[in-house]
Amino acid sequence: MSNINSVDKFFNKYPIKRFRHKEIVKRSDEDFKYVYFLKKGYVKMYSVSVNGNELSLNIFKPGSYFPILWAMGELADEYNYEAITSAEIRLVPKKEFIEFIKKDPAILFDLTCRLTAGFGSLLKRMEVLFFGSARNRVALALVVAAKRFGKENSRGEIRISVPITHKDIAALAGLTRETTSLEMKRFCEEGVIARRGRKNIVVVDMSKLVRLANYC
């Protein structure tokens, strides 16, 4: 049996909870009681500053489970989680989740690889957030979204499958929506990206976008 089938079989035993678009999955002041397995939809993890500014830390796609740092590292999780599409999530008691991954080295290895990749991406984002220009930061947010959620078409363009707005990109880049919209407009004019509807972004020239982001 493949790892995917093993994971599905395990999580399918647990109750499912459905969330509407923009519904809060968990607030920062709430304690986690379960490990969440995202069966369908997309969920963003974010923090809010004392001034009300939002910074997106991660966007989870189907097949993700969270919060791993709380589940495995006994670390407090003080972030907000919000469904950015309609979502279906299975709720698994922490103890049973830990017992499951301990029994299967292949699944534990896959989880370790996910965490390592996520940590590497986070380090790059931190570097650009501290040292990069607004142009670099918006480009990097688009690169990360394209690499995680992109689907390439026959013309070599990459469509970001998750519905994402300028506000979402701004939260990923740590910028205002106005600054983000200006940089996005420039990327469109330069032929680096294109819009397909209000929330669908297509990366036309991925290699140029990577260079603009200083991503390597």
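The values are calculated or read from the model by the stated rules, or taken from the named source; none is laboratory data. Given the structure is predicted, the values throughout are model-derived calculations rather than measurements. Every residue, glycine among them, receives a Cβ derived from its backbone with ideal geometry; neighbour counts consider all protein chains shown. In case anyone asks, the SASA skips ligands and DNA or RNA and just uses the protein heavy atoms, side chains included. Shrake-Rupley method; radii C 1.70, N 1.55, O 1.52, S 1.80 Å.
A few notes on this one:
- Candidate set from the stretch 36-51 (those that are in a loop (DSSP other than H, G, I, E, B) and touching a strand residue (DSSP E or B) at 6+ places or on another chain (Cβ under 7 Å)); member that is most open to solvent (accessible area, probe 1.4 Å): Y42
- Hits in the stretch 68-106 (condition: in a helix (DSSP H, G or I) and of a type in the set (D, E)): E96, E99
- Residues of the stretch 1-35 that are outside any loop (DSSP other than H, G, I, E, B) and open to solvent by less than 30 Å² (accessible area, probe 1.4 Å): S6, V7, F10, F11, F19, V25, K26, V35.
- Here R135 meets the list (1) out of contact with any helix residue (DSSP H, G or I) (no Cβ under 7 Å at 6 or more places or on another chain); (2) open to solvent by 60 Å² or more (accessible area, probe 1.4 Å); (3) at pLDDT 85 or above almost entirely, failing just condition (1).
- In the stretch 145-159, the residues that are within 22 Å of K22 (Cβ to Cβ) and open to solvent by 30 Å² or more (accessible area, probe 1.4 Å): R148
- Cβ separations smaller than 8 Å between residues 6+ apart or across chains give the following pairs from the stretch 100-116 residues that are open to solvent by 100 Å² or more (accessible area, probe 1.4 Å) to residues that are at pLDDT 80 or above and of a type outside the set (G, A, S): K102/L108.
- Residue check, V162 open to solvent by less than 50 Å² (accessible area, probe 1.4 Å) and outside any strand (DSSP E or B): yes
- Criterion applied to A171, A141 was being touching a strand residue (DSSP E or B) at 6+ places or on another chain (Cβ under 8 Å), crowded, with 18+ Cβ neighbours inside 10 Å and in a helix (DSSP H, G or I), and the one residue passing it is A171.
One line per residue, one yes/no per condition, for (1) free of Cβ contacts under 8 Å to residues at least 60 places away in the same chain; (2) of a type in the set (S, T, N, Q):
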residue: L129; (1), (2): yes, no
residue: A134; (1), (2): yes, no
residue: L140; (1), (2): no, no
residue: R148; (1), (2): no, no
residue: E157; (1), (2): yes, no
residue: T165; (1), (2): yes, yes
residue: I169; (1), (2): yes, no
